[in-house]
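Let me begin by presenting the structure, written as structure tokens, before commenting on it.
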Amino acid sequence: MKLFKPVVLSLIGLLLLVSSCNKGKTYADRLKDERKAIDLFIAKNDLNILSEFPKDGKFASKNDFYKDPYTGVYFNIMELGEPVELSIRDEVYIRFKEVIYLKDNDTIKYNNQEYFTETFYGPVNSSTRDAYTIPGWMVPLSYNVKHTGKARLIIPFDMGSTYDRGTGYQPTFYDDVVYRFENGY
């Protein structure tokens, strides 16, 4: 009996030790995978990453992207849109032509041309940005994209959808994102 207790306790300890060794990916591993996926997408599509945001907000080429230093979102403003200021009560609708999930070299594509998917209320700032379904969509609005403005975005998973942030850990590319402001009064 005296020998039984230490053996059982040792086996239980060994079982706990083995079960605590998680072979799943760590957050750091997921960030490395994301970095590789984004770098591969940039290389495959011959994108040029600008070190400074264009002063007039106009990009010379559709392959020029700027990386927002605060969010890690890469974007290219295709059109700034009409000079309509976004007010606190305005609704903003977003439509995009294509989304590509960059994880594991898998390129699932779909669009939402038939309907506007996101409704939020402006203006957008760093404290309100994370309240939206896909916070990365809001980044170009901080760079003077207005009503009917268009952008292309590479969104890291931590600025993506709830699924991207919590389970999928996938960076995404959105093509031809159109912003439409509607007066909410």
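Does the range 110-129 contain any residue that is modelled with pLDDT of 75 or more and not in a strand (DSSP E or B)? No, every residue in the range 110-129 fails to be modelled with pLDDT of 75 or more and not in a strand (DSSP E or B). Filtering the range 139-185 to residues that are surrounded by fewer than 17 Cβ atoms within 10 Å (Cβ to Cβ), under 14 Å from Leu31 (Cα atoms) and touching a residue at least 40 places away in the same chain (Cβ under 8 Å) leaves only Gly168. What about Asp175, is it under 18 Å from Asp64 (Cα atoms) and either in a helix (DSSP H, G or I) or of a type in the set (Asp, Glu) (or both)? So Asp175 fits the description; yes. Here the range 45-65 is the region considered, the condition is being closer than 15 Å to Lys150 by Cβ and touching a residue at least 60 places away in the same chain (Cβ under 8 Å), and the residue that is nearest to the chain's Cα centre (by Cα) is Phe65. Could you check the range 137-172 and list, in sequence order, the residues that are over 17 Å from Pro69 (Cα atoms) and of a type in the set (Gly, Ala, Ser)? Within the range 137-172, Gly149, Ala151, Ser161, Gly166, Gly168 qualify. Within the range 148-178, count every residue that is modelled with pLDDT under 90 and of a type outside the set (Val, Ile, Thr). Matching residues across the range 148-178 total 9.
The values are calculated or read from the model by the stated rules, or taken from the named source; none is laboratory data. Since the model is a prediction, treat every value here as computed from it, not as a measurement. Here Cβ is always computed from backbone atoms with ideal geometry, including for glycine, and neighbour counts include all displayed protein chains.
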